[in-house]
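S.K.: Below is one structure. I have some questions about it.
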Amino acid sequence: MDSSPTSSGTSLTPSNAASPSPTSSPSPSASASVSDSAQRDSTEQRRQSKGELEGLKKDSGVDLNSGLQGQGQIPRFHFPFGNPAKAANRFQPPADLDAKIAAIFSVSPGSPGKTLHERDFTAVTAACTLPRFMNAAFFRKASIGSDGINYSQFKTYWSALLAEFHTMEAIIFGILKEADKKHLTPKDVEVAVQDVTLHHPGLEFLSTLPVFQNRYVETVIARLFYAKTKNFNKLMTFTEFVKSKFTQSIKALEHVEDINWTQDIFSYQHFYVIYCKFWELDRDHDMVIDLHALRRYDNGAMTETVLRRVVAGCGKLPSLGQTSTLMSYEDFVWFILSVEEKRTMWATEYWFRCLDLDGDGCISLYELRYFFEEQYERMLRSRMSDLWKFDDFVCSLIDLIKPVEANKITLNDLKKCGCAPLFFDMLFDLRKYDAYIRRIDPSFREQDDVYFERPSGERVKLEGFQKFAAKAYSILAEEESQSASYGNMDDMDDNALMDGYMGVVSTRDWEVEDDNTYEMDG
(Lines give C-alpha, C1' and ligand atoms only; values in the text may rest on other atoms or scores of the structure.)
Protein backbone atom coordinates (compact mmCIF):
# COMPACT_ATOMS: atom_id res chain seq x y z
CA MET A 1 0.00 0.00 0.00
CA ASP A 2 1.25 3.41 -0.92
CA SER A 3 1.87 5.36 2.29
CA SER A 4 2.72 8.62 0.57
CA PRO A 5 0.79 11.72 1.56
CA THR A 6 -0.74 12.00 -1.92
CA SER A 7 -2.42 8.59 -1.58
CA SER A 8 -4.82 9.96 1.05
CA GLY A 9 -5.83 12.90 -1.15
CA THR A 10 -4.33 15.42 1.25
CA SER A 11 -1.79 17.94 0.00
CA LEU A 12 0.70 19.41 2.43
CA THR A 13 1.92 22.05 -0.03
CA PRO A 14 0.31 24.68 -2.17
CA SER A 15 -1.10 23.41 -5.48
CA ASN A 16 1.63 25.11 -7.60
CA ALA A 17 4.54 23.40 -5.76
CA ALA A 18 6.29 20.35 -7.19
CA SER A 19 5.39 16.99 -5.64
CA PRO A 20 8.15 15.06 -3.93
CA SER A 21 9.57 12.03 -5.65
CA PRO A 22 7.74 8.78 -4.71
CA THR A 23 11.06 7.22 -4.01
CA SER A 24 12.25 9.95 -1.71
CA SER A 25 11.60 9.89 2.07
CA PRO A 26 9.54 12.64 3.77
CA SER A 27 11.56 15.36 5.37
CA PRO A 28 11.46 15.88 9.19
CA SER A 29 9.35 19.01 8.70
CA ALA A 30 6.80 17.09 6.63
CA SER A 31 6.49 14.42 9.36
CA ALA A 32 5.86 17.05 11.97
CA SER A 33 3.10 18.57 9.84
CA VAL A 34 1.38 15.21 9.42
CA SER A 35 1.53 14.62 13.17
CA ASP A 36 0.07 18.10 13.96
CA SER A 37 -2.75 17.62 11.44
CA ALA A 38 -3.65 14.24 12.91
CA GLN A 39 -3.75 15.71 16.38
CA ARG A 40 -6.01 18.54 15.27
CA ASP A 41 -8.37 16.11 13.52
CA SER A 42 -8.51 13.91 16.60
CA THR A 43 -9.21 16.85 18.92
CA GLU A 44 -11.94 18.16 16.60
CA GLN A 45 -13.58 14.72 16.49
CA ARG A 46 -13.59 14.51 20.29
CA ARG A 47 -15.11 17.99 20.57
CA GLN A 48 -17.77 17.17 17.98
CA SER A 49 -18.60 13.88 19.67
CA LYS A 50 -18.86 15.60 23.09
CA GLY A 51 -21.09 18.32 21.64
CA GLU A 52 -23.43 15.72 20.13
CA LEU A 53 -23.69 13.92 23.46
CA GLU A 54 -24.47 17.17 25.29
CA GLY A 55 -27.02 17.99 22.62
CA LEU A 56 -28.69 14.62 23.14
CA LYS A 57 -28.90 15.30 26.88
CA LYS A 58 -30.43 18.76 26.41
CA ASP A 59 -32.71 18.00 23.46
CA SER A 60 -36.37 17.87 24.54
CA GLY A 61 -37.31 15.77 21.50
CA VAL A 62 -39.51 18.57 20.13
CA ASP A 63 -38.73 19.89 16.69
CA LEU A 64 -39.31 23.61 17.10
CA ASN A 65 -38.95 24.21 13.39
CA SER A 66 -41.46 21.61 12.19
CA GLY A 67 -44.46 23.86 12.79
CA LEU A 68 -42.81 26.90 11.21
CA GLN A 69 -42.03 25.42 7.81
CA GLY A 70 -43.49 27.61 5.16
CA GLN A 71 -44.22 30.42 7.62
CA GLY A 72 -42.44 33.73 7.59
CA GLN A 73 -42.64 34.44 11.36
CA ILE A 74 -43.46 32.94 14.74
CA PRO A 75 -47.21 33.13 15.47
CA ARG A 76 -48.22 35.62 18.15
CA PHE A 77 -48.61 34.00 21.56
CA HIS A 78 -48.75 36.95 23.98
CA PHE A 79 -52.06 38.80 24.33
CA PRO A 80 -51.84 41.25 27.25
CA PHE A 81 -55.53 42.17 26.98
CA GLY A 82 -56.96 38.73 26.20
CA ASN A 83 -56.61 36.23 23.36
CA PRO A 84 -59.40 36.94 20.85
CA ALA A 85 -59.52 33.29 19.82
CA LYS A 86 -59.91 31.98 23.37
CA ALA A 87 -61.81 34.75 25.16
CA ALA A 88 -64.81 33.04 26.78
CA ASN A 89 -66.44 36.41 27.41
CA ARG A 90 -65.40 38.00 24.13
CA PHE A 91 -67.16 41.29 23.50
CA GLN A 92 -69.74 41.05 20.72
CA PRO A 93 -71.06 44.38 19.44
CA PRO A 94 -74.77 44.43 18.59
CA ALA A 95 -75.48 43.27 15.05
CA ASP A 96 -77.18 46.54 14.14
CA LEU A 97 -74.57 48.76 15.80
CA ASP A 98 -73.43 50.40 12.55
CA ALA A 99 -76.99 51.43 11.69
CA LYS A 100 -77.61 52.76 15.19
CA ILE A 101 -74.42 54.81 15.26
CA ALA A 102 -75.11 56.21 11.79
CA ALA A 103 -78.59 57.22 12.92
CA ILE A 104 -77.26 58.90 16.06
CA PHE A 105 -74.83 60.95 13.97
CA SER A 106 -77.60 61.58 11.37
CA VAL A 107 -75.44 60.17 8.59
CA SER A 108 -77.04 60.00 5.15
CA PRO A 109 -75.72 59.30 1.62
CA GLY A 110 -75.38 62.99 0.97
CA SER A 111 -74.26 64.10 4.42
CA PRO A 112 -71.35 63.05 6.70
CA GLY A 113 -73.53 63.64 9.73
CA LYS A 114 -73.45 66.00 12.65
CA THR A 115 -70.89 66.59 15.38
CA LEU A 116 -71.74 65.26 18.83
CA HIS A 117 -70.71 66.79 22.15
CA GLU A 118 -70.21 64.98 25.44
CA ARG A 119 -73.77 65.48 26.70
CA ASP A 120 -75.13 63.97 23.44
CA PHE A 121 -72.61 61.12 23.35
CA THR A 122 -74.53 59.03 25.92
CA ALA A 123 -76.61 57.57 23.08
CA VAL A 124 -73.42 56.28 21.44
CA THR A 125 -72.18 54.82 24.74
CA ALA A 126 -75.50 53.03 25.23
CA ALA A 127 -75.53 51.71 21.63
CA CYS A 128 -72.05 50.24 22.19
CA THR A 129 -73.43 48.58 25.38
CA LEU A 130 -70.79 50.27 27.55
CA PRO A 131 -71.60 51.37 31.13
CA ARG A 132 -73.42 54.72 31.33
CA PHE A 133 -70.82 56.21 33.66
CA MET A 134 -68.01 55.48 31.19
CA ASN A 135 -69.51 58.08 28.84
CA ALA A 136 -67.17 60.97 29.71
CA ALA A 137 -64.03 58.84 29.47
CA PHE A 138 -65.25 57.22 26.23
CA PHE A 139 -66.05 60.55 24.59
CA ARG A 140 -62.79 62.23 25.58
CA LYS A 141 -60.68 59.37 24.24
CA ALA A 142 -62.65 59.03 21.01
CA SER A 143 -62.60 62.81 20.37
CA ILE A 144 -58.91 63.02 21.29
CA GLY A 145 -59.62 65.72 23.85
CA SER A 146 -61.66 68.03 21.62
CA ASP A 147 -65.17 69.21 22.46
CA GLY A 148 -66.83 67.43 19.54
CA ILE A 149 -66.62 64.25 17.44
CA ASN A 150 -68.02 63.26 14.03
CA TYR A 151 -69.04 59.88 12.63
CA SER A 152 -65.78 59.22 10.80
CA GLN A 153 -63.64 59.98 13.86
CA PHE A 154 -65.73 57.69 16.02
CA LYS A 155 -65.58 54.77 13.59
CA THR A 156 -61.80 55.06 13.37
CA TYR A 157 -61.41 55.05 17.16
CA TRP A 158 -63.95 52.27 17.74
CA SER A 159 -62.36 49.97 15.13
CA ALA A 160 -58.90 50.46 16.62
CA LEU A 161 -60.24 49.85 20.13
CA LEU A 162 -61.91 46.54 19.20
CA ALA A 163 -58.84 45.41 17.29
CA GLU A 164 -56.71 45.51 20.46
CA PHE A 165 -59.19 44.86 23.28
CA HIS A 166 -61.53 41.87 23.12
CA THR A 167 -63.54 41.73 26.35
CA MET A 168 -65.68 44.29 28.17
CA GLU A 169 -63.05 44.61 30.93
CA ALA A 170 -60.30 45.07 28.35
CA ILE A 171 -62.27 47.69 26.42
CA ILE A 172 -62.91 49.75 29.55
CA PHE A 173 -59.26 49.35 30.55
CA GLY A 174 -58.23 50.57 27.09
CA ILE A 175 -60.54 53.58 27.30
CA LEU A 176 -59.21 54.63 30.70
CA LYS A 177 -55.48 54.15 30.22
CA GLU A 178 -53.09 56.39 28.34
CA ALA A 179 -52.49 55.23 24.77
CA ASP A 180 -48.79 54.49 25.25
CA LYS A 181 -49.11 52.83 28.68
CA LYS A 182 -49.93 49.30 29.81
CA HIS A 183 -51.28 50.26 33.22
CA LEU A 184 -53.72 52.60 34.94
CA THR A 185 -52.93 55.37 37.38
CA PRO A 186 -55.34 57.02 39.86
CA LYS A 187 -55.56 59.99 37.48
CA ASP A 188 -56.79 57.73 34.67
CA VAL A 189 -59.75 56.46 36.71
CA GLU A 190 -60.72 59.89 37.98
CA VAL A 191 -62.82 60.85 34.95
CA ALA A 192 -65.09 57.80 35.31
CA VAL A 193 -65.67 58.33 39.05
CA GLN A 194 -66.38 62.02 38.43
CA ASP A 195 -69.00 60.93 35.91
CA VAL A 196 -70.70 58.99 38.71
CA THR A 197 -70.72 61.97 41.07
CA LEU A 198 -72.13 64.31 38.40
CA HIS A 199 -74.82 62.10 36.89
CA HIS A 200 -75.90 59.40 39.35
CA PRO A 201 -79.37 60.27 40.72
CA GLY A 202 -78.37 59.15 44.21
CA LEU A 203 -75.66 61.85 44.32
CA GLU A 204 -77.72 64.68 42.88
CA PHE A 205 -77.74 66.49 46.23
CA LEU A 206 -73.96 66.99 45.87
CA SER A 207 -74.37 69.08 42.71
CA THR A 208 -73.78 72.31 44.66
CA LEU A 209 -70.98 70.86 46.81
CA PRO A 210 -67.93 70.38 44.56
CA VAL A 211 -65.65 70.01 47.58
CA PHE A 212 -67.44 66.88 48.67
CA GLN A 213 -67.70 65.56 45.16
CA ASN A 214 -63.91 65.67 45.09
CA ARG A 215 -63.69 63.94 48.46
CA TYR A 216 -65.97 61.17 47.21
CA VAL A 217 -63.85 60.70 44.09
CA GLU A 218 -60.68 60.59 46.18
CA THR A 219 -62.17 57.97 48.50
CA VAL A 220 -63.37 55.70 45.70
CA ILE A 221 -60.01 55.79 43.92
CA ALA A 222 -58.08 55.22 47.15
CA ARG A 223 -60.21 52.15 47.88
CA LEU A 224 -59.75 50.86 44.33
CA PHE A 225 -55.95 51.03 44.47
CA TYR A 226 -55.84 49.78 48.06
CA ALA A 227 -57.49 46.51 47.03
CA LYS A 228 -55.13 45.57 44.22
CA THR A 229 -52.58 42.77 44.38
CA LYS A 230 -49.46 44.93 44.45
CA ASN A 231 -50.87 47.96 46.22
CA PHE A 232 -47.48 49.36 47.22
CA ASN A 233 -47.37 51.14 43.85
CA LYS A 234 -49.94 53.25 42.04
CA LEU A 235 -49.81 51.39 38.74
CA MET A 236 -52.71 49.01 38.09
CA THR A 237 -52.11 46.25 35.55
CA PHE A 238 -54.87 44.73 33.44
CA THR A 239 -54.90 41.59 35.58
CA GLU A 240 -55.33 43.70 38.73
CA PHE A 241 -58.05 45.71 37.01
CA VAL A 242 -60.04 42.55 36.20
CA LYS A 243 -59.71 41.29 39.79
CA SER A 244 -60.93 44.63 41.16
CA LYS A 245 -64.34 44.09 39.48
CA PHE A 246 -64.44 47.77 38.63
CA THR A 247 -66.34 47.01 35.42
CA GLN A 248 -69.09 45.09 37.21
CA SER A 249 -69.38 47.73 39.94
CA ILE A 250 -69.69 50.73 37.63
CA LYS A 251 -72.14 48.91 35.38
CA ALA A 252 -74.30 47.88 38.36
CA LEU A 253 -74.73 51.56 39.32
CA GLU A 254 -77.03 52.02 36.31
CA HIS A 255 -79.65 49.87 38.07
CA VAL A 256 -79.24 51.32 41.57
CA GLU A 257 -81.26 54.42 42.30
CA ASP A 258 -79.95 54.86 45.85
CA ILE A 259 -76.18 54.53 45.90
CA ASN A 260 -76.26 53.55 49.59
CA TRP A 261 -77.52 50.13 48.54
CA THR A 262 -74.13 49.27 47.11
CA GLN A 263 -71.60 47.45 49.25
CA ASP A 264 -68.59 48.17 47.07
CA ILE A 265 -66.18 51.05 46.56
CA PHE A 266 -68.93 53.33 45.22
CA SER A 267 -71.02 53.19 48.40
CA TYR A 268 -71.74 56.72 49.58
CA GLN A 269 -72.54 55.37 53.02
CA HIS A 270 -69.00 53.99 53.26
CA PHE A 271 -67.54 57.29 52.07
CA TYR A 272 -69.65 59.22 54.58
CA VAL A 273 -68.41 57.11 57.50
CA ILE A 274 -64.76 57.30 56.42
CA TYR A 275 -64.85 61.04 55.90
CA CYS A 276 -66.70 61.72 59.17
CA LYS A 277 -64.15 59.66 61.09
CA PHE A 278 -61.35 61.66 59.51
CA TRP A 279 -63.19 64.92 60.20
CA GLU A 280 -63.47 64.06 63.89
CA LEU A 281 -59.70 63.66 64.11
CA ASP A 282 -58.80 66.61 61.86
CA ARG A 283 -59.92 69.37 64.22
CA ASP A 284 -58.27 72.21 62.31
CA HIS A 285 -59.66 70.84 59.00
CA ASP A 286 -56.46 71.20 57.01
CA MET A 287 -56.89 67.65 55.62
CA VAL A 288 -53.87 66.22 57.45
CA ILE A 289 -53.57 64.65 60.88
CA ASP A 290 -50.62 63.85 63.12
CA LEU A 291 -49.89 61.12 65.67
CA HIS A 292 -51.60 63.02 68.46
CA ALA A 293 -54.82 63.20 66.44
CA LEU A 294 -54.62 59.58 65.28
CA ARG A 295 -54.39 58.39 68.87
CA ARG A 296 -58.01 59.47 69.35
CA TYR A 297 -59.24 57.01 66.74
CA ASP A 298 -61.79 54.58 68.21
CA ASN A 299 -61.46 56.30 71.58
CA GLY A 300 -57.80 55.41 71.89
CA ALA A 301 -58.25 51.67 71.35
CA MET A 302 -54.93 51.20 69.56
CA THR A 303 -51.44 51.38 71.03
CA GLU A 304 -49.28 54.39 70.35
CA THR A 305 -46.45 52.01 69.49
CA VAL A 306 -48.16 50.78 66.35
CA LEU A 307 -49.72 54.15 65.49
CA ARG A 308 -46.27 55.68 65.46
CA ARG A 309 -45.32 53.16 62.79
CA VAL A 310 -48.48 53.97 60.83
CA VAL A 311 -47.77 57.71 60.76
CA ALA A 312 -44.17 57.00 59.77
CA GLY A 313 -45.51 55.36 56.60
CA CYS A 314 -44.55 51.77 57.37
CA GLY A 315 -47.91 50.33 56.33
CA LYS A 316 -48.26 52.54 53.25
CA LEU A 317 -45.82 54.83 51.54
CA PRO A 318 -46.96 58.25 52.79
CA SER A 319 -48.57 60.55 50.24
CA LEU A 320 -46.85 63.57 51.78
CA GLY A 321 -43.31 62.17 51.50
CA GLN A 322 -41.10 59.83 53.48
CA THR A 323 -39.93 62.51 55.90
CA SER A 324 -43.42 63.78 56.72
CA THR A 325 -44.86 63.23 60.20
CA LEU A 326 -48.41 63.87 58.97
CA MET A 327 -51.05 61.60 57.48
CA SER A 328 -53.10 62.66 54.46
CA TYR A 329 -56.73 61.75 53.84
CA GLU A 330 -55.69 59.10 51.29
CA ASP A 331 -53.38 57.53 53.88
CA PHE A 332 -56.23 57.56 56.40
CA VAL A 333 -58.49 55.67 53.98
CA TRP A 334 -55.91 52.88 53.87
CA PHE A 335 -55.58 52.99 57.65
CA ILE A 336 -59.30 52.70 58.43
CA LEU A 337 -59.81 49.91 55.88
CA SER A 338 -56.91 47.99 57.41
CA VAL A 339 -58.12 48.55 60.98
CA GLU A 340 -61.73 47.58 60.44
CA GLU A 341 -61.15 44.54 58.23
CA LYS A 342 -57.89 42.90 59.20
CA ARG A 343 -58.79 39.60 57.55
CA THR A 344 -58.06 40.82 54.00
CA MET A 345 -54.78 40.15 52.25
CA TRP A 346 -54.10 43.89 51.96
CA ALA A 347 -54.69 44.54 55.67
CA THR A 348 -52.48 41.59 56.60
CA GLU A 349 -49.66 43.02 54.49
CA TYR A 350 -50.27 46.51 55.86
CA TRP A 351 -49.96 45.47 59.52
CA PHE A 352 -47.14 43.03 58.85
CA ARG A 353 -45.05 45.90 57.46
CA CYS A 354 -45.83 47.93 60.59
CA LEU A 355 -44.78 45.10 62.92
CA ASP A 356 -41.63 44.16 61.00
CA LEU A 357 -39.37 46.75 62.63
CA ASP A 358 -36.14 45.84 60.86
CA GLY A 359 -37.71 44.96 57.52
CA ASP A 360 -36.18 41.48 57.39
CA GLY A 361 -39.39 39.78 56.27
CA CYS A 362 -40.34 38.22 59.59
CA ILE A 363 -41.68 39.17 63.03
CA SER A 364 -39.16 38.03 65.62
CA LEU A 365 -39.59 37.43 69.35
CA TYR A 366 -37.97 40.80 69.99
CA GLU A 367 -40.57 42.54 67.85
CA LEU A 368 -43.40 40.65 69.54
CA ARG A 369 -42.12 41.79 72.93
CA TYR A 370 -41.78 45.36 71.66
CA PHE A 371 -45.46 45.58 70.78
CA PHE A 372 -46.62 43.37 73.66
CA GLU A 373 -45.37 45.62 76.44
CA GLU A 374 -47.70 48.56 75.83
CA GLN A 375 -50.68 46.36 75.03
CA TYR A 376 -50.10 44.38 78.24
CA GLU A 377 -50.12 47.54 80.33
CA ARG A 378 -53.35 48.64 78.70
CA MET A 379 -54.93 45.26 79.40
CA LEU A 380 -54.03 45.56 83.05
CA ARG A 381 -55.41 49.11 83.30
CA SER A 382 -58.62 47.96 81.66
CA ARG A 383 -58.77 44.90 83.94
CA MET A 384 -58.96 42.66 80.92
CA SER A 385 -56.16 40.37 81.93
CA ASP A 386 -54.48 38.92 84.94
CA LEU A 387 -50.70 38.87 85.10
CA TRP A 388 -49.66 37.37 81.80
CA LYS A 389 -46.02 36.56 81.32
CA PHE A 390 -44.47 37.26 77.94
CA ASP A 391 -43.51 33.61 77.49
CA ASP A 392 -47.13 32.55 77.89
CA PHE A 393 -48.25 35.28 75.50
CA VAL A 394 -45.77 34.17 72.83
CA CYS A 395 -46.79 30.53 73.22
CA SER A 396 -50.36 31.59 72.71
CA LEU A 397 -49.48 33.46 69.50
CA ILE A 398 -47.35 30.59 68.19
CA ASP A 399 -50.18 28.10 68.81
CA LEU A 400 -52.53 30.47 67.02
CA ILE A 401 -50.38 31.06 63.91
CA LYS A 402 -48.47 27.76 63.75
CA PRO A 403 -45.51 29.25 61.87
CA VAL A 404 -43.08 27.13 59.87
CA GLU A 405 -40.26 28.24 62.20
CA ALA A 406 -41.23 28.52 65.85
CA ASN A 407 -39.10 31.57 66.65
CA LYS A 408 -40.36 33.86 63.90
CA ILE A 409 -43.56 34.61 62.02
CA THR A 410 -43.55 35.38 58.31
CA LEU A 411 -46.16 37.05 56.14
CA ASN A 412 -46.90 33.71 54.52
CA ASP A 413 -47.59 32.20 57.96
CA LEU A 414 -50.15 34.92 58.69
CA LYS A 415 -51.88 34.55 55.33
CA LYS A 416 -52.21 30.79 55.68
CA CYS A 417 -53.33 30.52 59.30
CA GLY A 418 -56.65 32.37 58.96
CA CYS A 419 -56.16 33.95 62.41
CA ALA A 420 -54.30 37.11 61.43
CA PRO A 421 -57.04 39.49 62.73
CA LEU A 422 -56.89 38.02 66.25
CA PHE A 423 -53.08 38.04 66.14
CA PHE A 424 -53.04 41.76 65.34
CA ASP A 425 -55.79 42.60 67.85
CA MET A 426 -53.88 40.86 70.64
CA LEU A 427 -50.82 42.96 69.85
CA PHE A 428 -52.25 46.45 69.41
CA ASP A 429 -56.08 46.76 69.12
CA LEU A 430 -57.59 46.50 72.58
CA ARG A 431 -61.25 47.15 71.71
CA LYS A 432 -61.46 44.49 69.03
CA TYR A 433 -59.62 41.99 71.20
CA ASP A 434 -62.12 42.67 73.96
CA ALA A 435 -65.01 42.16 71.51
CA TYR A 436 -63.52 38.83 70.46
CA ILE A 437 -63.42 37.63 74.07
CA ARG A 438 -66.92 38.84 74.81
CA ARG A 439 -68.41 37.04 71.82
CA ILE A 440 -68.28 33.90 73.92
CA ASP A 441 -71.50 35.23 75.45
CA PRO A 442 -74.48 34.41 73.14
CA SER A 443 -76.34 37.57 74.17
CA PHE A 444 -73.36 39.73 73.21
CA ARG A 445 -73.11 37.97 69.84
CA GLU A 446 -76.76 38.66 69.18
CA GLN A 447 -76.28 42.31 70.03
CA ASP A 448 -73.04 42.62 68.07
CA ASP A 449 -74.16 40.98 64.81
CA VAL A 450 -75.40 43.21 62.01
CA TYR A 451 -77.56 42.12 59.09
CA PHE A 452 -78.37 43.68 55.76
CA GLU A 453 -81.78 43.06 54.23
CA ARG A 454 -81.96 43.01 50.45
CA PRO A 455 -85.04 44.17 48.52
CA SER A 456 -85.84 40.48 47.99
CA GLY A 457 -86.13 40.02 51.76
CA GLU A 458 -82.92 38.05 52.10
CA ARG A 459 -80.97 38.85 55.28
CA VAL A 460 -77.20 38.92 54.86
CA LYS A 461 -74.82 39.02 57.81
CA LEU A 462 -72.31 41.85 57.46
CA GLU A 463 -68.67 41.38 58.38
CA GLY A 464 -65.52 43.46 58.51
CA PHE A 465 -65.64 46.98 57.15
CA GLN A 466 -69.25 46.63 55.94
CA LYS A 467 -70.38 45.81 59.48
CA PHE A 468 -68.34 48.68 60.91
CA ALA A 469 -69.73 51.15 58.35
CA ALA A 470 -73.35 50.14 58.95
CA LYS A 471 -73.05 50.51 62.73
CA ALA A 472 -71.09 53.76 62.53
CA TYR A 473 -73.53 55.21 60.02
CA SER A 474 -76.53 54.51 62.26
CA ILE A 475 -74.80 56.25 65.15
CA LEU A 476 -73.92 59.27 62.99
CA ALA A 477 -77.49 59.46 61.70
CA GLU A 478 -78.87 59.42 65.22
CA GLU A 479 -76.45 62.09 66.39
CA GLU A 480 -77.27 64.27 63.40
CA SER A 481 -80.98 63.94 63.96
CA GLN A 482 -80.44 65.22 67.49
CA SER A 483 -78.33 68.13 66.21
CA ALA A 484 -75.54 67.01 68.50
CA SER A 485 -72.91 66.38 65.88
CA TYR A 486 -70.94 68.73 63.58
CA GLY A 487 -72.61 71.82 65.04
CA ASN A 488 -69.37 73.73 65.34
CA MET A 489 -68.02 73.28 61.83
CA ASP A 490 -66.45 76.35 60.34
CA ASP A 491 -66.93 75.46 56.69
CA MET A 492 -70.43 76.29 55.41
CA ASP A 493 -70.16 73.65 52.66
CA ASP A 494 -69.46 71.03 55.30
CA ASN A 495 -72.53 72.07 57.31
CA ALA A 496 -74.65 71.98 54.20
CA LEU A 497 -73.46 68.50 53.35
CA MET A 498 -74.03 67.06 56.80
CA ASP A 499 -77.41 68.71 57.30
CA GLY A 500 -78.67 68.15 53.77
CA TYR A 501 -77.50 64.59 53.40
CA MET A 502 -78.68 63.42 56.79
CA GLY A 503 -82.00 65.19 56.20
CA VAL A 504 -82.48 63.07 53.09
CA VAL A 505 -81.42 59.74 54.53
CA SER A 506 -83.30 60.15 57.80
CA THR A 507 -86.59 59.69 55.92
CA ARG A 508 -85.69 57.10 53.31
CA ASP A 509 -82.42 55.42 54.14
CA TRP A 510 -81.03 53.02 56.73
CA GLU A 511 -83.05 52.41 59.87
CA VAL A 512 -81.76 50.29 62.73
CA GLU A 513 -84.21 47.73 64.03
CA ASP A 514 -84.06 46.15 67.44
CA ASP A 515 -82.43 43.05 65.98
CA ASN A 516 -79.69 45.13 64.28
CA THR A 517 -81.18 44.62 60.84
CA TYR A 518 -80.65 47.52 58.46
CA GLU A 519 -83.64 48.03 56.20
CA MET A 520 -84.57 50.45 53.46
CA ASP A 521 -87.86 52.33 53.55
CA GLY A 522 -89.80 53.07 50.42
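S.K.: Heavy atoms only, probe 1.4 angstrom, no DNA, RNA or ligands counted: give me I398, I74, I144, I437 ranked by accessible area, highest first.
M.R.: Putting I398, I74, I144, I437 in descending order of accessible area: I144, I74, I437, I398.
S.K.: Oh, and also: How big is the gap, in Å, between the Cα center of the stretch 437-477 and the Cα center of the stretch 294-317?
M.R.: Taking the Cα centre of each part, the stretch 437-477 and the stretch 294-317 sit 26 Å apart.
S.K.: With a ≥ b ≥ c the root eigenvalues of the C-alpha gyration tensor of the stretch 178-304, is it rounded (a/c under 1.5), prolate (a/b larger than b/c) or oblate?
M.R.: It is oblate, given that a/c is not under 1.5 and a/b is not larger than b/c.
S.K.: While we're on this one: For T156, tell me the accessible area in Å² from a 1.4 Å probe, rounded to the nearest 10.
M.R.: Rounded to the nearest 10, the figure is 90 Å².
S.K.: Would you tally the net charge around L198, using a Cβ to Cβ cut-off of less than 13 Å, leaving L198 out, and scoring K and R as +1, D and E as -1?
M.R.: Counting the neighbours of L198, the net charge comes to -2.
S.K.: Taking the Cα centre of each part, how many Å lie between the stretch 358-414 and the stretch 188-208?
M.R.: Taking the Cα centre of the stretch 188-208 as reference, the centre of the stretch 358-414 is 45 Å away.
S.K.: Then there's this: Under 1.5 on a/c is rounded, so check that first for the stretch 282-414, then, if it is not, pick prolate when a/b is larger than b/c and oblate when it is not; a ≥ b ≥ c are the square roots of the alpha carbon gyration tensor eigenvalues.
M.R.: Since a/c reaches 1.5 but b/c is at least a/b, the shape of the stretch 282-414 is classed as oblate.
S.K.: If Lys and Arg each add +1 and Asp and Glu each add -1, what is the summed charge of the other residues whose beta carbon sits under 10 Å from the beta carbon of R445?
M.R.: -2
S.K.: Starting from the stretch 384-486, pick out the chymotrypsin sites (Phe, Trp or Tyr not before Pro) whose DSSP state is loop and whose Cβ has at most 14 other Cβ atoms within 10 Å.
M.R.: W388
S.K.: Same structure, new question: What's the carbon and sulfur percent of the stretch 296-347's accessible surface, probe 1.4 angstrom, rounded to a whole number?
M.R.: Carbon and sulfur: 54 percent of the exposed surface of the stretch 296-347.
S.K.: So how much accessible area does L326 have, in Å² to the nearest 10, using a 1.4 Å probe?
M.R.: 60
S.K.: Using a probe of 1.4 angstrom, how much of the accessible area of the stretch 152-205 is carbon and sulfur, in percent?
M.R.: With neighbouring chains kept in place, the figure for the stretch 152-205 is 53 percent.
S.K.: Which whole-Hz couplings ³J(HN,Hα) result when phi for each residue of the stretch 342-351 is put into the Karplus expression 6.51 cos²θ - 1.76 cosθ + 1.60, θ = phi - 60°, listed in order with x for Gly and Pro?
M.R.: Coupling constants for the stretch 342-351: 6, 7, 6, 4, 6, 5, 4, 5, 4, 6 Hz.
S.K.: Net charge near Q248: determine it from the other residues with C-beta under 10 Å of the C-beta of Q248, scoring Lys and Arg +1 and Asp and Glu -1.
M.R.: 0
S.K.: Name the GluC sites (Glu not before Pro) in the stretch 164-264 that are in a loop by DSSP and that have at most 14 other C-beta atoms within 10 Å, would you?
M.R.: Here the GluC sites (Glu not before Pro) that fit, given the DSSP loop and packing criteria, are E178, E257.
S.K.: Which sequence of F232, F165 reflects their accessible areas, 1.4 Å probe, from the largest down?
M.R.: F232, F165
S.K.: Can you list residues whose amide H is under 5 Å from V460's amide H, if they're 5+ apart or on another chain and H is modeled 1.01 Å from N?
M.R.: When sequence neighbours closer than 5 places are left aside, the close amide H contacts are F452, E453, R454.
The values are calculated or read from the model by the stated rules, or taken from the named source; none is laboratory data. None of the values given here were measured: they were computed from a predicted structure. Neighbour counts run over all protein chains shown; Cβ positions are idealised from the backbone, glycine included. Remember, those area values only see protein heavy atoms, side chains included, never the ligands or the DNA or RNA. Shrake-Rupley method; radii C 1.70, N 1.55, O 1.52, S 1.80 Å.
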